[in-house]
1. Scan region A:12-25 for residues that are touching a helix residue (DSSP H, G or I) at 6+ places or on another chain (Cβ under 6 Å) and in a helix (DSSP H, G or I) and jot them down.
2. Of the residues in region B:39-65, how many are free of Cβ contacts under 8 Å to residues at least 60 places away in the same chain, under 24 Å from the mean Cα position of the chain (by Cα) and at the interface with chain A (Cβ under 7 Å from one of its Cβ atoms)?
3. Give region A:75-94 a look and list any residue that's outside any strand (DSSP E or B) and either under 18 Å from residue B:50 (Cβ atoms) or within 14 Å of chain B (Cβ to nearest Cβ) (or both), or say none.
4. Taking residue A:143 as meeting all but one of (1) in contact (Cβ under 8 Å) with a residue 60 or more places away in the chain; (2) within 14 Å of chain B (Cβ to nearest Cβ); (3) touching a helix residue (DSSP H, G or I) at 6+ places or on another chain (Cβ under 6 Å); (4) surrounded by 22 or more Cβ atoms within 10 Å (Cβ to Cβ), write down the number of the exception.
5. Can you pull out the residues in region B:73-99 that are out of contact with any helix residue (DSSP H, G or I) (no Cβ under 9 Å at 6 or more places or on another chain), within 21 Å of residue A:112 (Cβ to Cβ) and touching a residue at least 40 places away in the same chain (Cβ under 8 Å)?
6. If you check residue B:90 against the conditions, is it away from chain A (no Cβ under 14 Å) and surrounded by fewer than 18 Cβ atoms within 10 Å (Cβ to Cβ)?
7. Among the residues in region B:18-30, are any at pLDDT 95 or above and closer than 30 Å to residue A:124 by Cα?
8. Kindly evaluate residue A:111 against the criterion of being under 13 Å from the mean Cα position of the chain (by Cα) and surrounded by 20 or more Cβ atoms within 10 Å (Cβ to Cβ).
């Protein structure tokens, strides 16, 4: 399983409406719950925030991958947000973040979860791809970039 | 006439579709009197990449490694039991590392005739980084590959196969 198996244009927000770390995590969780109202919003949010407390998931080069394995989700899911303003996500390189991939998985889907996280990390390692992502103006454009 | 496939390998990745593939492989092995091996590769390469990129903290690495170890044991045991149920001996192999590379090498080194895989990605990206391990296996295997769709027909076919008789052979 890779990102392509779970990529859903309804779960992509461009641009993000909020500009702080906590607000962006909540915005992406809300985006997911808006399309799947049966999900436990508070349970998901708590799992992601608990994981952030162990260490920021803000990586280098503007990428952040907040993630959690939790019983509050029923299948591996990814919500993507792109910010037009730099966001302090307490990233490892000290630089602001722009691209956010919220990755969630049920307790028993570790293999798929790892493969999806690794595929996001590999895909976003390309400076050209990041530049293209930053110029995307809509969810459709983001999907197209992953397909091309 | 010599059977076309005498040595079959089914790859398990913890997905339901890979278990369905194992059922199809058991049916095929029985019909062709072929040997059947089930393999699970713990994807330590992806795990190491996530630690190196600091996406995973140490405690997550330990937890996920244990999860994957548990998954490997559980799925291999399950397929071994499915084989026993139909009187087919399933050899099991558990490896750690880069999934498609280890599978390719095993196929080559053990003269496997046929690789059986569960579903491949429905949507394909032209970006190489987004190719799944199953897709990579399909593209790099040195032998024919059978892709089994996760279909109820496979379950029905498996159910209809005669079960092994305890203490004897069907």
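The values are calculated or read from the model by the stated rules, or taken from the named source; none is laboratory data. On a predicted model such as this, the values are computed, not experimentally measured, just so you know. No Cβ is skipped: glycine too gets one built from the backbone with ideal geometry, and neighbour counts run over all protein chains shown.
1. A:25
2. 5
3. Residues satisfying the conditions are A:75, A:76, A:89, A:90, A:91, A:92, A:93, A:94.
4. Residue A:143 satisfies all of (1) in contact (Cβ under 8 Å) with a residue 60 or more places away in the chain; (2) within 14 Å of chain B (Cβ to nearest Cβ); (3) touching a helix residue (DSSP H, G or I) at 6+ places or on another chain (Cβ under 6 Å); (4) surrounded by 22 or more Cβ atoms within 10 Å (Cβ to Cβ) except (4).
5. Within region B:73-99, just B:76 meets the criteria.
6. no
7. Looking through region B:18-30, none of the residues is at pLDDT 95 or above and closer than 30 Å to residue A:124 by Cα.
8. Numbers: under 13 Å from the mean Cα position of the chain (by Cα): no; surrounded by 20 or more Cβ atoms within 10 Å (Cβ to Cβ): yes.
No: the conditions fail for residue A:111.
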